[in-house]
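The values are calculated or read from the model by the stated rules, or taken from the named source; none is laboratory data. Everything numeric here is computed off the predicted structure, so don't read it as measured data. When we count neighbours, we look across all protein chains shown, and the Cβ atoms used for this are built from the backbone with ideal geometry, even at glycine. Note: accessible area is taken over every heavy atom of the protein model, side chains too, but ligands, DNA and RNA are not part of it. Shrake-Rupley method; radii C 1.70, N 1.55, O 1.52, S 1.80 Å.
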Amino acid sequence: MASPVWHPFTQHGLQEPVPLVTHAQGAALHTADGRRVIDAISSWWVTTHGHCHPRIMAAVRAQTEKLDQLIFAGWTHEPAEQVAAGLVEIMPCELTRVFFSDSGSTCVEVALKMALGYWSNRGSDRQRILVMEHSYHGDTIGAMSIGERGVFNKPYEPLLFDVGTIPFPTGDGAATLEALETACRSGAAAFIVEPLLLGAGGMLVYSPDLLRSMAEICRRHDVLFIADEVMTGWGRTGTLLACEQAGVVPDILCLAKGLTGGSMPLAVTMAREEIFMAHWSTDRAKMFYHSSSYTANPIACAAAVANLAIWREEPVRERIAALGARQQAMLDRLAQVPGLVRPRRCGTVAAIDVEARDGGYLSNLAPRLMALFREADVLLRPLGNTIYVMPPYCLDEADHAQIEAAIVRGVEAVRA
Ligand SMILES: *Cc1c(COP(=O)(O)O)cnc(C)c1O
């Protein structure tokens, strides 16, 4: 019987194969038909240390013996308290408050609501949100509103709210800074941006200097600076946070994906004390009106506690540096392959473009490549003509070589 499952970002009409994965370990996925597939995109950017990290799995098992779920409005539990305390310790000290939710999209929605709540509770009418061209912040209505508009959200456009968009930086980025300055001057509640690396927009990279300048412009105009580090956080860009490389501390910080090492759905929105205090009152109307059923689920929090311990006690930063160096070496070789252009890297993320010949060639390129990679037992999911590799930090040299070989052969095949 055909499966009743309706998969995300999947055109079922094309009847592409949907492999069944039975178990995973480290960077490897094992399928029901006996294949070992390398997870070269960390199961869509979430798996940081590797699949089924023993410490995270043990923490989850232990938590299942104690407390499964708890209402979080007005109640609390040990794992949530430990995650919050651990985050305050490891993240910039200005970020003193931790609000839990369950996905990248929802922690972004929370960030937007915090920003508007901040201004509203202070009696200001600032409401406009500023965004960067080509950004991605999630697939809920608010998150889509602040993201790039395109074929993926066209039908829902009537539901999306209006935002101010500044251009993605090119050259020295002067046009971007000027547009941000102008937009801030005419009054805005907040500017939200993916620091250093725009993921779903095509693995687009910009400099820490520009990030710092953008944050300074926001500060000067009293516009809240929201860093969406859902993808860039937890070492992806080479440092714990991408903002670190620019010496920037955001007013609001969004974290999800790697928060549990990529094992359980959990997200947080961290805020500076002023934003929390704008909601602190004896007036109930000023409280922060947001909650979802599984806010701070204890089992997910236990996974996050284990992730924080791994960051404290294992040589995670050394693994990231080593992986980044190997990614660079791979890129240097791939840049010599005919048809591959614009190699770029941000920390552990390597990306390169397949030279576009014409529109028709382009439109089919990503699915064709993806199928070729799948046949080579490598999970890669090109974004348009951009091939990128974003592996778990435990990826070994042999698996790395297999990824590179699959890319070389895949590109040769589509160009033949
Ligand atoms: C993945 C992503 C999100 C959305 O996270 P989900 O957990 O998929 O909802 C938001 N922002 C960025 C930058 C992302 O990469």
With LEU308 itself left out, Lys, Arg at +1 and Asp, Glu at -1 over residues whose Cβ is under 12 Å from its Cβ give -1
Gyration tensor over alpha-carbon atoms, region 149-226, equivalent ellipsoid semi-axes in Å | 22, 17, 10
Dipole in debye (nearest 20) - region 85-159, about Cα centre, beta carbon charges: Lys, Arg +1; Asp, Glu -1 | 280 debye
How far apart, in nm, are the 7 Å Cα→Cβ label points at ASP332 and ALA58?
-> 3.9 nm
Over all alpha-carbon pairs of the chain, lay out the pair-distance distribution in 20 Å bins, whole %, shortest bin first.
-> 26, 59, 16, 0
In debye, nearest 20, what is the charge dipole magnitude of region 286-416 about its Cα centre with +1 on Lys and Arg Cβ and -1 on Asp and Glu Cβ, if you could check?
-> 460 debye
Dipole magnitude (debye, nearest 20) for the chain, charges at Cβ of Lys, Arg, Asp, Glu = 220 debye
Phi-derived 3J(HN,Hα) across region 374-390 with the Karplus relation (6.51, -1.76, 1.60, θ = phi - 60°), rounded Hz, x for Gly and Pro, is 4, 5, 8, 6, 10, 8, 9, 9, x, 9, x, 9, 9, 9, 9, 10, 9
Between region 361-389 and region 219-266, what's the alpha-carbon centroid distance in Å?
-> 28 Å
Could you sort SER42, SER207 by accessible area so the largest value comes first, with the probe set to 1.4 Å?
-> SER207, SER42
Which residues qualify? For LEU224, with a placed amide H closer than 5 Å and at least 5 residues away or on another chain, they are ALA190, PHE191
Scoring the chain by relative contact order with C-alpha pairs under 8 Å, at least six apart, yields a percentage of 22 percent
Find which of GLY86, VAL98, ILE56 sits farthest along the positive direction of the dipole of the chain, computed with +1 on the beta-carbon of Lys and Arg, -1 on that of Asp and Glu, about the Cα centre.
-> ILE56
SER120 neighbourhood, Cβ < 9 Å, K/R = +1, D/E = -1, net charge +2
Phi-based couplings in Hz for region 121-131 (Karplus 6.51, -1.76, 1.60; Gly and Pro marked x) | 5, 8, x, 9, 9, 5, 9, 6, 9, 9, 9
Kirkwood hydrodynamic radius of region 54-201, Cα pairs, Å = 18.1 Å
How many lysine pairs does the chain hold where the Cα atoms are under 28 Å apart and the two sit 8 or more places apart or on different chains?
-> 5
Roll a 1.4 Å probe over the protein chains and send me the accessible area per residue for the chain in Å².
-> 45 Å²
Net charge contributed by nearby residues that have their C-beta within less than 12 Å of MET231 (K/R +1, D/E -1) = -1
3J(HN,Hα) from dihedral phi, region 27-33, Karplus parametrisation 6.51/-1.76/1.60, rounded to Hz, x for glycine, proline | 9, 10, 9, 10, 9, 4, 8
Between region 330-347 and region 123-174, what is the C-alpha centre distance in whole Å?
-> 30 Å
Where does each of LYS66, LYS257, LYS154 land when they are ordered by accessible area, with a 1.4 Å probe and the largest first?
-> LYS66, LYS154, LYS257
On the accessible surface of region 260-337, probed at 1.4 Å, how many percent belong to carbon and sulfur atoms?
-> 57 percent
Listed by chain and number, the residues whose amide H is under 5 Å from that of ALA350, excluding neighbours fewer than 5 places away on the same chain and using placed H, are VAL389
